[in-house]
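Before any comments, here is the structure.
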Amino acid sequence: MNKDWLIGFLEGEGNFNVILSRSYKKRNPNYSFEFYPILQFRIFLREDDLPVLEKIKTFLSVGKIYRKSYNYSRKKGIMSSDQFVFYVTSSKDLLKIKDIFQTGEFHTKKKKDMIYFFKILDLKLKSRHLTRESYDQIILLATSMNSENRGNWKSKEVKLLTE
């Protein structure tokens, strides 16, 4: 296992994800904005590939591995196998990953996602997500990630940012 192998693997099986959570405001009423950005680096694999995730976890020395159950889908008649997911969500651990990936060579559109993801991380670490200007920037970056595959985020808020 080395950095170049991991980057290639990530380009096929992983992603940089930013959840824009509404529930944070319920826990912290003093938070000024509607959405709170939660950063996740993750890799999903089938259950029989769990040893690969364990090697990645050992190589990176960060993260956790969880089972993702598809019982609900199976009950609805959809044939789905459980997966295992390698997650990194801690800002401290994401900084370690940033150091590894920013000096690597990406060949797919995941490079853009990585750049946006770590820009959001940097803004959060500087508590800039608490200012209107940076918050708007975070929302725009997050909704531009993952092939802009967030049709449900073409909301009034995002339109205001792009006008």
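Please report Rg over Rh for region 3-162, where both radii come from the alpha carbon positions and Rh follows the Kirkwood definition.
Rg divided by Rh gives 0.99.
Of Lys3/Lys98; Lys68/Lys109; Lys96/Lys126; Lys3/Lys111; Lys3/Lys110; Lys26/Lys92, which pairs sit farther than 21 Å apart, going by alpha carbon to alpha carbon?
As for pairs spanning more than 21 Å Cα to Cα, those are Lys68/Lys109; Lys26/Lys92.
What is the extension gain from Lys92 to Lys75, computed as 0.36 nm multiplied by their sequence separation minus the C-alpha to C-alpha distance, in nm to one decimal?
2.2 nm
For region 30-112, which GluC sites (Glu not before Pro) pass both filters: DSSP loop (anything but H, G, I, E, B) and at most 14 other C-beta atoms within 10 Å?
Passing sites in region 30-112 are Glu34, Glu105.
Given a Förster distance of 30 Å, report the FRET efficiency between Lys119 and Asp4 from their Cβ-Cβ distance, rounded to the nearest 0.05.
That pair, Lys119 with Asp4, gives E of 0.80.
By how many degrees, 0 to 90 and rounded to 10, does the Cα axis of helix 91-101 deviate from the longest principal axis of the chain?
70 degrees
Please go through region 57-130 and write out the trypsin sites (Lys or Arg not before Pro) that DSSP classes as loop and that have at most 13 other C-beta atoms within 10 Å.
Lys76, Lys109, Lys126
At a threshold of 8 angstrom on Cα-Cα distance, excluding pairs fewer than six apart, so keeping six or more, what relative contact order does region 3-162 reach in percent?
24 percent
Quick one: if the Förster radius is 30 Å, what FRET efficiency do Ile100 and Tyr24 give, using the C-beta to C-beta distance and rounding to 0.05?
Given R0 = 30 Å and the Cβ-Cβ separation, E is 0.60.
Put a dot 7 Å past each Cα toward the Cβ at Gln40 and Phe59; how far apart are the dots in nm?
2.2 nm
Return one number: the angle in degrees, 0 to 90 and rounded to the nearest 10, between the long axis of the Cα atoms of helix 110-125 and the longest principal axis of the Cα atoms of the chain.
60 degrees
No value in this document is a laboratory result; all are computed from the given coordinates. Keep in mind that what you see is a predicted model, and the values were worked out from it rather than measured. When we count neighbours, we look across all protein chains shown, and the Cβ atoms used for this are built from the backbone with ideal geometry, even at glycine.
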